[in-house]
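Below is one structure, written out as structure tokens; the observations come after it.
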Amino acid sequence: MAGASGAKASATLPLTWGVIGVSVAVMVIVAALLALAIWRRPGIALATRMAIGPDKGGTNFLWVGVGISTLALLATIVWTVKVLAEIGKPTVTPALTIEVTAHQWWWEVRYLDNDTRAIFTTANEIHIPTGTPVQFKLIGGDVIHSFWVPALAGKTDLIPGQTNEIWLEADKPGTYRGQCTEYCGLEHAKMAFVVVADTPRDFAAWRSHQIAPDVTPGGGVLASGAVYFGMKCGSCHAVRGSDAAGVLGPDLSHFATRQTIAAGVLANTPQNLSAWIDDPQGIKPGNLMQKPELSLEQRGQIVAYLETLK
């Protein structure tokens, strides 16, 4: 956590550096005292030099060491409890709730709302408004994962069968990288995501656009791509406004607006998308997506169609 960009991270960062500083200081002091004990009386056997007891001396160092260590430990505990109390709840009630379900090895992101027409699902890219807390409901979809955005907050586990809740707040616009930090299988290291903090105005525009269904192509290559996508991909992936309604893989509505493919593995370009469809197991071994039976022309039409989902 090199820098903090949110209320929680700003409260946690000084504690992190403080604990590291105390740990380093204790290590240096202990090492220095050990070296002093070894070399302070040359010519005497090592076992004799290291001996401590009422008749051999050194007990004062023990009492001083225990006293200083106890004070440092108590100070750290008090500081930690104070920070935990400070970041436990936001100062205002969050107006937005996002449900994140972790799968091997991607992130399902669902924006909740009292109006069911405003609920929508996306993947691997989370948009939030700046300057306001956002509530997150975290769910483990298969095994235990961990949700961590270092610049915004500490990590929280996602456990199957239970919902953990946290809140995040970004104080300035930007893109903040997140990562699964609980080993969850072969491609754990390739389970990234980003949190994009938008100004409230930009976020409202993004959200309205996401709620709207994608436009179905009227004809030509794009229409053919939509048909092949529905036939070959629609049983696993969904696109709002089309017949594709699969739930096993990421929802691909407005796919072309995302920055990456396969949870941060590839930049979202037509070339990378074509390569991913052609060999998903070669790029990310062990993921659930299998290579669809497509000709080069059909794959190109699907890529062209997905690139229109903006």
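The values are calculated or read from the model by the stated rules, or taken from the named source; none is laboratory data. Source: prediction; values computed, not measured. For neighbour counting, all protein chains shown are included, and Cβ atoms are generated from backbone atoms with ideal geometry for every residue, glycine included. Just the protein is used for accessible areas: all its heavy atoms, side chains included, with ligands, DNA and RNA removed. Shrake-Rupley method; radii C 1.70, N 1.55, O 1.52, S 1.80 Å.
Here are some notes:
- Every pair of residues 6+ apart whose Cβ atoms lie under 9 Å, when the first sits in the stretch 62-89 and is touching a residue at least 40 places away in the same chain (Cβ under 8 Å) and over 30 Å from ASN164 (Cβ atoms) while the second is of a type outside the set (D, E, K, R) and in a helix (DSSP H, G or I): SER69/VAL26; ALA72/VAL22; ALA72/ALA25; ALA72/VAL26
- Subset of the stretch 161-186 that is among the hydroxyl-bearing types (Ser, Thr, Tyr) and closer than 14 Å to SER146 by Cα - its residue that is farthest from the chain's Cα centre (by Cα): THR163
- Candidates in the stretch 225-253 are the residues that are under 20 Å from GLN210 (Cβ atoms) and in contact with a helix residue (DSSP H, G or I) (Cβ under 6 Å, 6 or more places away or on another chain); of these, the one that is modelled with the lowest pLDDT is ASP243.
- Residue that is modelled with the lowest pLDDT, among those in the stretch 188-224 that are among the β-branched types (Val, Ile, Thr) and open to solvent by 10 Å² or more (accessible area, probe 1.4 Å): THR216
- Condition broken by GLY234, with the remaining ones in (1) in contact with a Cys (Cβ under 9 Å, 6 or more places away or on another chain); (2) outside any helix (DSSP H, G or I); (3) of a type outside the set (Ser, Thr, Tyr) satisfied: (1)
- Residues that are out of contact with any helix residue (DSSP H, G or I) (no Cβ under 8 Å at 6 or more places or on another chain) and either on the phi > 0 side of the Ramachandran plot or surrounded by 12 or more Cβ atoms within 10 Å (Cβ to Cβ) (or both), drawn from the stretch 282-294: GLY286, LEU288
- GLN259 falls short on exactly one of the conditions (1) surrounded by fewer than 19 Cβ atoms within 10 Å (Cβ to Cβ); (2) over 22 Å from the mean Cα position of the chain (by Cα); (3) of a type in the set (S, T, N, Q), and that condition is (2).
- The residue of the stretch 161-187 that is surrounded by the fewest Cβ atoms within 10 Å (Cβ to Cβ), among those that are part of a loop (DSSP other than H, G, I, E, B) and hydroxyl-bearing (Ser, Thr, Tyr), is TYR183.
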